[in-house]
Amino acid sequence: MRLDQFIANCTELSRKEAKRAIGTGTVTIDGAVCKTANRKIPDDACITLDGELLALPGERYLMMNKPEGVISATTDSEHPTALDLLPAGLTRDLHIAGRLDLDTTGLLLLTTDGQWSHRVTSPRTDCPKTYRVTLGEPLTDTAEQALVTGVVLRNEERETRPATVRRVDDRVIELTISEGRYHQVKRMLAAVGNHVEALHRIRVGVIVLDPALSPGEYRPLTEQEIASIGTD
Ligand code: URA
């Protein structure tokens, strides 16, 4: 899309007014002033007008590499939130599609689309989540089998759904689950007599944490990634 068209789509300005604003040097692309109205802009560019980040109307879908110590919430009085890591222009109406604990790192999805996030989190849609789990103790074969077939979590009666385990090394596994019970991974490992030392989410459905994202960084999801969370 051309820059003047993008600005007209994001604001109340007409195309002509957008061109004029660009000409006066009030528009930046990725931090640099741009005075060229017909400049083609990449999908992931950050565009500001008078210092305000612009976003196209419509739903927003982002992935973030959540760092440790950041809370999966929209507001919090004690800890920085995932939304605090985003530019103000992007956060309106955004919520988190599947929370992670304060000390869990990795793939966090954020969106304005409530139906989409419901499909990510609802056990009915069976959207698998994969975690790289660093264990306190090497995993025994018996414990692995129990995780795969289902375990009863403390203070619960119903077994967890079948899961998959991939051994990475002695004390690291990739565990894929398709539910999101409270502290589920930590409680599953506790139920088999082990404990979690570090937890990192690497995948939700087919959406894989982008290795280019350092902790705290984010990017918009691609059309394919958005569409991969199918309808129920
Ligand atoms: N399971 C947990 O125990 N913690 C998380 O953050 C996610 C899944």
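Remarks
- Structure remark: mean-square fluctuation, Gaussian network model of the chain, C-alpha springs under 10 Å; the largest value among H118, H200, H183 belongs to H183.
- Dipole moment magnitude, nearest 20 debye, the chain about Cα centre, only Lys, Arg, Asp, Glu C-beta charged: 640 debye
- When you restrict to C-alpha pairs under 8 Å that are six or more residues apart and normalise by the size of the chain, the relative contact order lands at 20 percent.
- Lysines whose Cα lies under 21 Å from that of K186, excluding same-chain neighbours fewer than 8 positions away: K66, K129
- Cα gyration tensor, region 3-53 - rounded (a/c under 1.5), prolate or oblate: rounded
- Taking the chain as a Gaussian network of alpha-carbon nodes connected by springs under 10 Å, the highest mean-square fluctuation of the residues A45, A37, A163 belongs to A45.
- Figure note: V206, V168, V120 ranked by solvent-accessible area, largest first, 1.4 Å probe, ligands and nucleic acids not counted: V206, V168, V120.
The values are calculated or read from the model by the stated rules, or taken from the named source; none is laboratory data. What you see is a predicted model, and the numbers here were worked out from it, not measured in a lab. All Cβ positions, glycine included, derive from the backbone under ideal geometry; neighbour counts span all protein chains shown. To get the accessible areas, we keep the full protein, side chains included, count just its heavy atoms, and leave off ligands, DNA and RNA. Shrake-Rupley method; radii C 1.70, N 1.55, O 1.52, S 1.80 Å.
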